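Q: Before we start, here is the structure in question, set down as structure tokens.
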Amino acid sequence: MTASLDRAVFFDRVRKPLFGGSLTAEQVQGMDAIFDACPAALPTDPLAYVLATTIHETARTMQPIEEYGRGKGRAYGKTGFWGRGFVQLTWDYNYRKATTELRKLGVLTAAEDLVKTPALAMRMDAAATILFHGMISGWFTGKKLSDYFGHGKSNPKAARAIINGTDKAALIAGYFNQFRAALIAAKHGAVTEPAAEASTPPAASVAPAKPKPVADKHAVEPKKPVPVRKRAAPVHHVVQKAKHR
């Protein structure tokens, strides 16, 4: 089960406003992985916000990345469980929870363990599933996608609380608007009306789907890849088990 849309149209619509006119093969690969991991029933607005979060958290690379500085100066820095992924996962207990959930979904085998091998959180299918599962279920701060989208509400600015309070909330809401327009143009089926008139099932009721293998079906080799701008200080997320913000 994956997101249903015309990916070629989507990439064409986001190329100029969000990526400076060109997309690298890696950027396309990352977005393909996100679409492949997306629950088929997830409406357009929450999917657009997931993409908006990813473009910010990965400094536009759309690839799972490792926390800059590897947690230097932070308590978890010496443990090896610094931030990794599309939305950075930190602390050993979060890696343990992710292992349990990804095994249930069939993304990890019984022999694969994020605690024993933290770098597995950088694997594309694992990172994409953590991204959706965490934002749908409220892993990171207790806030989830259905708190801000669905049943006539759409509040991308306030939705930043899912990840990190109000940090860069307006900037990410702007990304959301661009991704939403591209998804609608690409005929992503769940929402085609203005957000305020939407009437869709709550995003939290949708269980993340098992991702399919990534395939670069729409890879584009640009004449000149857009330089990656320096990303904001990394965000450190926690599961609702404890507040570490």
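Q: For the range 92-133, run through the trypsin sites (Lys or Arg not before Pro) and keep only the ones in DSSP coil with at most 15 other Cβ atoms within 10 Å of their Cβ.
A: Lys116
Q: Taking amide H positions as placed 1.01 Å from N in the peptide plane, with prolines and chain starts having none, which residues 5 or more places from Met62, or on another chain, fall under 5 Å of its amide H?
A: Answer set, sorted by chain and number: none.
Q: Follow-up. Give the long-range amide H neighbours of Leu89: residues separated by 5 or more places, or on another chain, with amide H under 5 Å away, using H modelled in the peptide plane at 1.01 Å from N.
A: Under 5 Å from the amide H of Leu89: Arg84.
Q: Please give the length that would be gained between Asn155 and Ala111 if that part of the chain were fully extended, namely 0.36 nm times their separation in residues minus their C-alpha to C-alpha distance (nm, one decimal).
A: So the extension gain works out to 11.8 nm.
Q: In whole angstrom, note down how far apart the Cα centers of the range 1-65 and the range 119-150 are.
A: Between the Cα centres of the range 1-65 and the range 119-150 lies a distance of 15 Å.
Q: Could you put Met135, Met122 in order, starting from the residue whose Cβ has the fewest other Cβ atoms within 10 Å?
A: The order, fewest Cβ neighbours first, is Met122, Met135.
Q: Taking every pair of alpha-carbon atoms in the range 7-205, give the share separated by more than 21 Å as a whole percent.
A: I get 50 percent for the Cα pairs in the range 7-205 exceeding 21 Å.
Q: How large is ³J(HN,Hα), in whole Hz, for each residue of the range 24-38 in order, when computed from phi with the Karplus curve 6.51 cos²θ - 1.76 cosθ + 1.60 and θ = phi - 60°, using x for Gly and Pro?
A: 7, 4, 5, 5, 5, 4, x, 5, 4, 4, 5, 4, 5, 8, 6
Q: If I stretch the segment between Ala40 and Ala25 completely, what's the gain in nm (0.36 nm per residue apart, minus their alpha carbon distance), one decimal?
A: Working: separation 15, 0.36 × 15 = 5.40 nm, distance 2.41 nm.
Here the answer is 3.0 nm.
Q: Another question, then. With +1 assigned to the C-beta of every Lys and Arg and -1 to the C-beta of every Asp and Glu, and no other charges, what is the dipole magnitude of the range 7-205 about the Cα centre in debye, to the nearest 20?
A: The calculated dipole for the range 7-205 is roughly 400 debye.
Q: In addition: Hey, what do the phi angles of the range 156-169 turn into as Karplus ³J(HN,Hα) couplings, whole Hz, using 6.51/-1.76/1.60 and θ = phi - 60°, x for Gly and Pro?
A: Result, ordered by residue: x, 5, 5, 5, 4, 4, 4, 10, 7, x, 10, 4, 6, 4 Hz.
Q: Ok, one more. Report, by chain and number, residues whose modeled amide H sits under 5 Å from the one on Leu108, excluding near sequence neighbours (fewer than 5 apart, same chain).
A: It is Arg103, by chain and number.
All of the numbers you see were taken from the coordinates with simple rules; none came from a lab. A quick note: this is a predicted structure, and the numbers were derived from the prediction, not measured. Neighbour counts are summed over all protein chains in view; Cβ atoms, including those assigned to glycine, are modelled from backbone coordinates with ideal geometry.
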